[in-house]
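Asker: I have a structure here, written as structure tokens, and I will follow up with some questions on it.
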Amino acid sequence: MEERPIIVKRVKKVSGGHHGGSWKVAFADFATAMMAFFLVLWLTATATPEQIEAVEGYFRDPIGFTEGGSPNPVDLEGSASVVESSQADIADQQIVIEDETIEELADTLEQRQMEQLFQDLQEQIEQSETLQEFKDQLLIDITDEGLRIQIVDRSQRPMFDSGRAQLKYYSQDILFELAKPLGAVANKLSITGHTDATPFSGRPGYTNWELSAERANTARRALVAGGVGSDQIARVVGLSDSVLFDQSNPKAPVNRRISIIVLNKKAQKDIRDNAGGQPLIDLTEPSAAERQQAQDKLESGDWFQPKPEPDAEELSW
């Protein structure tokens, strides 16, 4: 009898233990999904109807072409407003910078006007036979108030007769010549009379204060007759000997003088404010039209605004 082979079958028993990590990934995905679902429910419960409509519009049309769509659902149409606000802030900053630049431009233009007028007066003195003869009595400089022209007395050549407010004939000619360039500008003028420290005598109650004021007013009439507009005069005052030109010699002839100042805008405003006037506009703040005019003049080199020739007044000195 033939023997059969013996087959041994061994079964490998697996004891309890490690079953793999795939379940952890699945659980994490489930937890994330639940958290997202919870956030959606919370946002939906707290969102306004407009925000809900924006979200709904996005899912209907993500590009945002239709009404109710939003190109950025996270901001709930907030991005556009943020961009617009930033652009508005930048625009405001640009406007502020532009205003400051224009104000500086206006100040620069006014300074150039004064410098140009200074040169014009110097040329006027050199070309005019009348002014050439008396150029040593004409002192011109630029101050904080504007361009100042001082007509001073010299020994044996006074502007006025002693103790009187009547102009010498050559003094009248000087003022007529100066009136031509001064009447061509739009700036207002200040006219001041000064005397030396010699006390006035001969008329009771009449002092150097009255004399200096009358002399300043006489100079005003001569300038108006020479072409300066009467509305161009901002101030006419007499200061007696309170502001001496030569402090070391109070009785020197040079202290007797007429001072004419072509006022800048700040000085003109100060005069009006100190006198109690209420300007309709702030003269230190240029309007849009003035800014554009300043820009045009600066680019073209045309510094002065021509004025029509006024009718000459009949002199009564």
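Read-outs: derived from the displayed coordinates by stated rules, not from any lab. The model shown is predicted, which means the values in this text are computed figures rather than measured ones. Note that we place each Cβ from the backbone using ideal geometry, even for glycine, and neighbour counts take in every protein chain shown.
Asker: Hey, what do the phi angles of the stretch 176-185 turn into as Karplus ³J(HN,Hα) couplings, whole Hz, using 6.51/-1.76/1.60 and θ = phi - 60°, x for Gly and Pro?
Answerer: Using θ = phi - 60°, the values come out as 4, 5, 5, 5, 5, x, 5, x, 8, 9 Hz.
Asker: Please sort 263-273, 209-219 by packing, taking for each peptide the average over its residues of neighbouring beta carbons within 10 angstrom, highest first.
Answerer: Working: 263-273: 18.0, 209-219: 21.1.
Highest-to-lowest ranking by the protection proxy: 209-219, 263-273.
Asker: Kindly flag which residue pairs out of 135/251; 135/266; 135/188; 180/266; 135/269 have an alpha-carbon separation exceeding 28 Å in this structure.
Answerer: Values: 135/251 22 Å; 135/266 30 Å; 135/188 24 Å; 180/266 24 Å; 135/269 32 Å.
Checking Cα-Cα distances, 135/266; 135/269 exceed 28 Å.
Asker: Could you give the length gained by full extension between residue 10 and residue 272, i.e. 0.36 nm per residue of separation minus their alpha carbon distance, to one decimal place?
Answerer: Details: separation 262, 0.36 × 262 = 94.32 nm, distance 12.00 nm.
That works out to 82.3 nm of additional length.
Asker: While we're on this one: What size of dipole, in debye to the nearest 20, comes out for the stretch 105-203 about its Cα centre when the only charges are +1 on Lys and Arg C-beta atoms and -1 on Asp and Glu C-beta atoms? Don't skip to the end; give the middle numbers.
Answerer: Numbers: 10 positive and 17 negative charges, 104 e Å.
About 500 debye.
Asker: Could you calculate the FRET efficiency of residue 198 with residue 129 from 1/(1 + (r/R0)^6), where r is the beta carbon distance between them and R0 is 35 Å, rounded to 0.05?
Answerer: Computed FRET efficiency for residue 198 and residue 129: 0.60.
Asker: Sticking with this structure for a sec: Under the 0.36 nm per residue contour assumption, what length would be gained going from the current alpha-carbon distance of residue 136 and residue 230 to full extension? Spell out each step's value before the answer.
Answerer: On the way: separation 94, 0.36 × 94 = 33.84 nm, distance 2.83 nm.
Full extension of this stretch gives 31.0 nm more.
Asker: Counting only residues 5 or more places away or on other chains, whose amide H sits under 5 Å from the amide H of residue 236 once H atoms are built in the peptide plane?
Answerer: Those qualifying (amide H under 5 Å, at least 5 residues apart or on another chain) are 191.
Asker: Mind putting a number on the dipole of the stretch 110-300 about its Cα centre? Charges go on the C-beta only, +1 for Lys and Arg and -1 for Asp and Glu, and I need it in Debye to the nearest 20. All intermediate terms of the calculation are to be shown ahead of the outcome.
Answerer: Details: 23 positive and 28 negative charges, 129 e Å.
For the stretch 110-300, the charge dipole is close to 620 debye.
Asker: What is the extension gain from residue 246 to residue 35, computed as 0.36 nm multiplied by their sequence separation minus the C-alpha to C-alpha distance, in nm to one decimal? Numbers along the way, then the final one.
Answerer: On the way: separation 211, 0.36 × 211 = 75.96 nm, distance 9.27 nm.
Once the chain is fully extended between residue 246 and residue 35, it gains 66.7 nm.
Asker: May I ask you to derive the FRET efficiency for residue 170 and residue 108 from their Cβ-Cβ distance with R0 = 30 Å, giving the value to the nearest 0.05?
Answerer: Details: r = 38 Å, r/R0 = 1.26.
Taking R0 as 30 Å, the efficiency between residue 170 and residue 108 is 0.20.
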